[in-house]
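For reference, the structure discussed in these notes is given below.
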Amino acid sequence: MSTWNYDWFPLPGQAVFDLNQQHVTAVSRAPGNLDLFVVGNDGHVWSTYWNDSSGWNSDWFPLPGQAVFDLEHQHVAAVSRAPGNLDLFIVGNDSHVWSTYWNDSAGWSADWFPLPGQAVFDLTTQQVAVVSRGAGDLDLFIVGNDSHVWSTYWHDSTGWSADWFPLPGQAVFDLEHQHVAAVSRAPGNLDLFIVGNDSHVWSTFWNDSAGWSADWFPLPGQAVFDLTTQQVAVVSRGAGDLDLFIVGNDSHVWSTYWHDSTGWSADWFPLPGQAVFDLATQHVAVVSRAAGNLDLFIVGNDSHVWSTFWNDSAGWSADWFPLPGQAVFDLATQQVAAVSRAAGNLDLFIIGNDSHIWSTYWPGPDVSMTRLIDNGPFGSKVTMVVVGDGFAVADQDNYNSSVDALLTNGIFTQDFYAANKSAFNLVRLNVNSNQSGVSTKTYDDSTGKVVSTTTSDTYFGAIYNGDWNHFWVEDGPNTAKLLTDLLNQWVPDYRLIFLLLNNPGFGGSGGGGRLTLPLGVTWSTVAHECGHALGALADEYHLENEAYTGSEPSQPNVTINTDRTKLKWASYVATTTPVPTGNDDYTPPKPKGWDDNQDVGLFQGGSADYSTGIYRPVINCRMNSNTPPFCPVCNAAMSAQTKPYLLARPAGGPNVSPNAPGDGYMRMDVSLQNGKLSILEAHEVQGPLVQPDTLTNGLVSEVSVDDQRVAVGAHPDASVSHSFQEPGHGPGGHHISVRQNVEFVVRVPIGALRGVDPAKVTLSVFELQEHPSTPLSPLVRLAEQPKLKLASQSSVTLDQVELPATLRSLLQKK
Ligand SMILES: [Zn+2]
């Protein structure tokens, strides 16, 4: 939950400004950037800036050039006409409007220059208004000496208009007291506002297809405002929206609005609440920090800055409130400047009583979501989620590029993952930690005791220990719960989580549907680990020279069987290939053109530790040394898992009772502890559910109603934890432990459970002792499928366990 900074603070530097006559101008030229401008005590325009990666500049500096301006009467107007561009305007001492500009590639213009034309304006009473109605466009407005509103414009393609011109119509305004307010509510649109001589607010507009309105017109309603002291503030909170604000004659802030679909509100109305403001000296500042949001600011009668807000879902705040902190400002001379440097952020500026510029901020959301690979609803695809820990606001770019390198531009550009990309969704959550880098812990390996720790204030509190014996990484006390809570809020369903730690280390751990890894781990290691997590594949390497003496392993890509006719990958072995085929290499003579990665035989050594007694399909596979593609046997096992998710399928999938149209499914977090099943949590997920039609070896689950199977799930890595590491950075291999408390996810179509007697719903869990090579027979219960070698782990009917409220009420529904 975001909150306002605890207090205002002065911006860095020695520069001071004229508290009585100057106001700060603030603009954001690109997300994460802030640029401030103020006429300095030397008549030059001064600036300072913020960007998210380097923070505030160390001090203010004068813009290049000789031009000086009227410190007493003029304020800078600034706008960004395109990302990375800044354009500044001010009435010069010759009464012409002057400009200078910045762009990210060329920097600042060498000096200010007067805009083309003969038109001159009132230096002592007028201020220029500027707005950009489209990329590369600038439109300027000012009340002319004839009391009409004048304009000039820039387009990137044609440059500046030859001169200023009066806007069409007869309407005249108060040159001495009023300034134009201008906004663009949608590309190609301009809307102007000013308090008219009749004390009503008047408007005119432009759009690219129809040009200027024939004349100005008063906005609907009876409300009148103080022509001599007040100025209208206007903002667009969304395309086609306009919201106007002004301090009314009763000292409350009044508003009116336009929507493209409904037109103008019938009249102005006071905002909710008791707060009143100084009609004679204060003007409202308004900004939209994100679509559908409005935030208003004004110096209150207690000299604190007050705020109120609107959002489209909740409406107006009940009243205005003072921003946190002790700082007070000069009510009689100062105005707040407000800007949003990125969606959800607010930054405020004002000249303080010490003549320095002060600021406070709303930090924006701690969490945001981006769907990097979006192939459909979460339940219709194998949805992967990546979340970072120890990435502060300034680290988010680095986090994003790490996610790209590992996943989007990493595994998803490779063999199986690239070929089956349409079966996946990839969701990135950006989570801001307060501090950069995760906590660390160092163990003494001889005693197993912790010898040192560093603590970092991160969102999840995850820890990097860099120790193979301790799985390289470990959770903090709340890591698992915080992850679950966050995912429940943002990603209602997912199969695999990547928790990326901001630490340069080289090892991580997997299991239970999660991979936790630091930044030193590369995409090829992740591609290998996903072979375990999604395909229940075995390692094909051997780091030790042990002899395997166990029974036939359950995984599809290792075997003890040397009988060609009964070999589980027999169909991939050419009749001309000898069985066994070799050990670390083909037993000579190796056939010409033999492909070590794609040509299948029977090679001795595998399952991490064993050089004899166990065999693998190829000389070198991704399950052996990470970088090569999956061998044909591994690729087939992986593809069997993703095949049902490749195309859009009807809700329910081919093997389970169909879902009613529009129905979603229940996602249940199930725990298996000491043979006892419990349902920890259940929530409804909208959209279609596609179920697997092929199981993997390892833990599998089944839900049946009246002895008919309605849901099935494979949980390849639910019951083990294992470490992994970047090759060359550690002892190698996996450190494996069996999880004491196994948790996994069971998904059941809503239609299969609605109004069903809990005694008729059975949840069963099995250990599948071999990797089935063929799809399941539709609807037949697992125990009745003759080819499956199952060992029952636990089974309950839903009347025997405590049910989460969501599930209980679904079962009770008619
Ligand atoms: Zn393989």
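Listed by position, the strands (runs of 3 or more DSSP E) inside the stretch 672-772 whose residues that are without any contact (Cβ under 8 Å) to a residue 24 or more places away in the chain number at least 1 are 736-738. The residue that is surrounded by the most Cβ atoms within 10 Å (Cβ to Cβ), counting only those in the stretch 528-566 that are within 13 Å of the ligand (Cβ to nearest atom) and either free of Cβ contacts under 8 Å to residues at least 12 places away in the same chain or among the small types (Gly, Ala, Ser) (or both), is Gly535. Of the strands (runs of 3 or more DSSP E) lying entirely inside the stretch 79-134, not one is found with 3 or more residues being in contact with a Cys (Cβ under 8 Å, 6 or more places away or on another chain) and among the polar types (S, T, N, Q).
Within the stretch 206-262, restricting attention to residues that are charged (D, E, K, R) and within 31 Å of the chain's Cα centre (by Cα), the residue that is farthest from Arg289 (Cα to Cα) is Asp260. Among Asp312, Asp354, Asp295, which is the only one that is closer than 30 Å to Pro688 by Cβ and either at pLDDT 95 or above or surrounded by fewer than 20 Cβ atoms within 10 Å (Cβ to Cβ) (or both)? Just a single option satisfies the conditions, and that option is Asp312.
Annotation note: Cβ proximity below 9 Å between a residue of the stretch 593-617 that is more than 24 Å from His722 (Cα to Cα) and touching a residue at least 40 places away in the same chain (Cβ under 8 Å) and a residue that is assigned to a loop (DSSP other than H, G, I, E, B) and within 12 Å of the ligand (Cβ to nearest atom) (sequence gap 6+ or interchain) occurs for Leu602/Trp569; Leu602/Pro617. Of all the numbered requirements in (1) of a type outside the set (Lys, Arg); (2) under 30 Å from Phe17 (Cα atoms); (3) crowded, with 23+ Cβ neighbours inside 10 Å; (4) assigned by TED's automatic domain parsing to the domain that holds Gly513, Ala394 misses one, and that requirement is (3). Residues in the stretch 270-293 that are outside any loop (DSSP other than H, G, I, E, B) and either free of Cβ contacts under 8 Å to residues at least 40 places away in the same chain or within 23 Å of Trp358 (Cβ to Cβ) (or both): Pro270, Ala285, Val286, Val287. If only residues of the stretch 611-641 that are away from the ligand (no atom under 13 Å from the Cβ) and crowded, with 22+ Cβ neighbours inside 10 Å are counted, the one that is modelled with the lowest pLDDT is Gln641. Is it the case that the stretch 67-76 has a residue that's β-branched (Val, Ile, Thr) and modelled with pLDDT under 95? No - not one qualifying residue is present in the stretch 67-76. For Leu486, the stated conditions do not hold, so it cannot be described as surrounded by fewer than 24 Cβ atoms within 10 Å (Cβ to Cβ) and within 16 Å of the ligand (Cβ to nearest atom).
In this entry, Trp212 is excluded by the filter for residues that are hydrophobic (A, V, I, L, M, F, W, C) and over 25 Å from Leu138 (Cα atoms).
The values are calculated or read from the model by the stated rules, or taken from the named source; none is laboratory data. The shown structure was predicted, so the numbers you read here are calculated from the model rather than taken from an experiment. When we count neighbours, we look across all protein chains shown, and the Cβ atoms used for this are built from the backbone with ideal geometry, even at glycine.
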